[in-house]
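Comments concern the structure below.
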Amino acid sequence: GLMLNMVSDIVIASTTATVAMTANKLGIPLPTETYAYWLHVIGIHKVKELLFTAGNISAQDAHAAGIFNHVVEPDDLESYTLGVIAPRILACSADGIANTKFQLNLLARRFYLTEADRSAIAAHRRALLDGEDYRTRLAALLAKVTG
């Protein structure tokens, strides 16, 4: 389950959820990228605790460590996701979110950006700024501001 978290954009968990990184119980080495990811997400001390002890932490501790975005009661998972988070996402520019996701995912996977990555980011930014969605949203904002 925790490995699935690595590819999730927003993680909403139940108050009854627990988190553990159990690879070291069996001595299974994780890919270096996995260590780098968790180091980036939770920081050196918490990731070492989780990996060295293979113990469980509560949903609240996982939230505090940055593993979960939100923790809600089990009966509220669907209503919170669909009634609170989804509408906020849908109110944003899909192109803008796609561009942001692209860049954040690149940065999360790397400690540095190659020239190819920088070029790809520049191309995505240009496409975003040249897109119809951006122009429409900008025009609406300007119309609202200028009255």
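Tabulated data
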quantity	calculated
Test: residue in region 116-134 that is aliphatic (A, V, I, L, M), part of a helix (DSSP H, G or I) and under 24 Å from Ala17 (Cβ atoms)	no
Unmet requirement for Asp75, which otherwise passes all of (1) surrounded by 13 or more Cβ atoms within 10 Å (Cβ to Cβ); (2) closer than 20 Å to Thr16 by Cα	(1)
Region 65-96: number of residues that are without any contact (Cβ under 8 Å) to a residue 12 or more places away in the chain and more than 17 Å from Ile12 (Cβ to Cβ)	2
Residues of region 90-109 satisfying the condition of being surrounded by 11 or more Cβ atoms within 10 Å (Cβ to Cβ) and more than 27 Å from Thr34 (Cβ to Cβ)	Cys92, Ser93, Ala94, Asp95, Gly96
Residue pairs meeting the criteria (Cβ under 7 Å; at least 6 apart or on separate chains; first among the acidic types (Asp, Glu), in region 1-23; second exposed (fewer than 14 other Cβ atoms within 10 Å of the Cβ))	Asp9/Lys101
Those residues of region 10-40 which are over 16 Å from the mean Cα position of the chain (by Cα) and at pLDDT 90 or above, in sequence order	Ser14, Thr15, Thr16, Ala17, Thr18, Val19, Ala20
Selection within region 52-64 - exposed (fewer than 14 other Cβ atoms within 10 Å of the Cβ) and either among the aromatic types (Phe, Trp, Tyr) or closer than 16 Å to Asp9 by Cα (or both)	Phe52
Lone qualifier among Leu77, Leu107, Leu30 - being within 17 Å of Leu4 (Cβ to Cβ) and out of contact with any helix residue (DSSP H, G or I) (no Cβ under 8 Å at 6 or more places or on another chain)	Leu77
Helices (runs of 4 or more DSSP H) (entirely within region 1-101) containing at least 3 residues that are within 30 Å of Tyr134 (Cβ to Cβ)	86-90
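The values are calculated or read from the model by the stated rules, or taken from the named source; none is laboratory data. From a predicted model like this one, the values you see are computed outputs, not experimental measurements. No Cβ is skipped: glycine too gets one built from the backbone with ideal geometry, and neighbour counts run over all protein chains shown.
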